[in-house]
């Protein structure tokens, strides 16, 4: 389905996390990549967003507000969705 985009392995992992319209959080992505490296996270998310495969459904301010209301870490709030 995404073969025309020439995704690397990390990007494929992120896309798989968001299959079936599942919203994904930064924590989901970091766990899926087995990486706590912020640079890797930023590079992969930015490239997927540039390709139009990943959209932001909640910005950082909205995520922080929701996290405060729920009493959870901000990175556990879903922020992205994969576009088919």
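Here are a few things to note about the model shown:
- Verdict on residue 73 being in contact (Cβ under 8 Å) with a residue 12 or more places away in the chain, touching a helix residue (DSSP H, G or I) at 6+ places or on another chain (Cβ under 7 Å) and loosely packed, with under 15 Cβ neighbours inside 10 Å: yes
- All conditions but one from (1) at pLDDT 95 or above; (2) under 12 Å from the mean Cα position of the chain (by Cα); (3) part of a helix (DSSP H, G or I) apply to residue 12; the one that does not is (1).
- Qualifying positions in the range 15-36 - in a helix (DSSP H, G or I) and in contact with a helix residue (DSSP H, G or I) (Cβ under 7 Å, 6 or more places away or on another chain): 17, 26, 27, 28, 29, 30, 32, 33
- Selection within the range 37-70 - within 18 Å of residue 8 (Cα to Cα), touching a helix residue (DSSP H, G or I) at 6+ places or on another chain (Cβ under 8 Å) and in a loop (DSSP other than H, G, I, E, B): 51, 53
The values are calculated or read from the model by the stated rules, or taken from the named source; none is laboratory data. Model, not experiment: these values are computed from the prediction. Note that we place each Cβ from the backbone using ideal geometry, even for glycine, and neighbour counts take in every protein chain shown.
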